[in-house]
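*Asks:* First the structure, then my questions, so here it is.
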Amino acid sequence: MVKAADGEMTIRELAERTGMTVRNIRAHQTRGLLPPPVVRGRTGYYNEQHVARIALTREMQADGLNLEAIRRVFETSDGSAAEMFDFTRALRMPFEDETPDPPR
């Protein structure tokens, strides 16, 4: 039997950790929202990057993006968490920070 390395989890453990169902995790993979697991033997193993991607997907949904838009963001980025977090931060930046032009 193949064992999980440190920090790795099965799909069931990932589901418990993130509060998602196994079915939804598989659907996210099919849609291109979640990268595939590392497969050893017949078991796929997930890690903290998968947990972070699920959390980021949820944050982006909360900001109003639909799953297709989120998939496109992931597809056009290099996959780095930093780039994706920068994108979500830019979405959240309030427009109120802009200083109005003085009246003429």
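*Asks:* List the residues, sorted by chain then number, that are 5 or more residues from residue 34 or on another chain and whose placed amide H is less than 5 Å from its amide H.
*Replies:* 29
*Asks:* Specify, per residue and in Å³, the volume enclosed by the convex hull of the alpha carbon atoms belonging to segment 1-68.
*Replies:* 80 Å³
*Asks:* Where does each of 43-53, 65-75 land if you order them by average Cβ count within 10 Å, highest first?
*Replies:* Ranking, from highest mean packing down: 43-53, 65-75.
*Asks:* Once phi is turned into θ = phi - 60°, what whole-Hz ³J(HN,Hα) does the Karplus curve with 6.51, -1.76 and 1.60 give for every residue of segment 28-33, x standing for Gly and Pro?
*Replies:* Each residue's phi maps through the Karplus curve to give 4, 5, 4, 6, x, 8 Hz.
*Asks:* Still on this structure: Under 5 Å between amide H atoms, partner at least 5 residues away or on a different chain: which partners does residue 8 have, H built in plane at 1.01 Å?
*Replies:* Answer set, sorted by chain and number: none.
Since every read-out is calculated from the coordinates, none of them should be taken as a lab result. Computed from a predicted model, the values in this text were never measured in an experiment. Neighbour counts run over all protein chains shown; Cβ positions are idealised from the backbone, glycine included.
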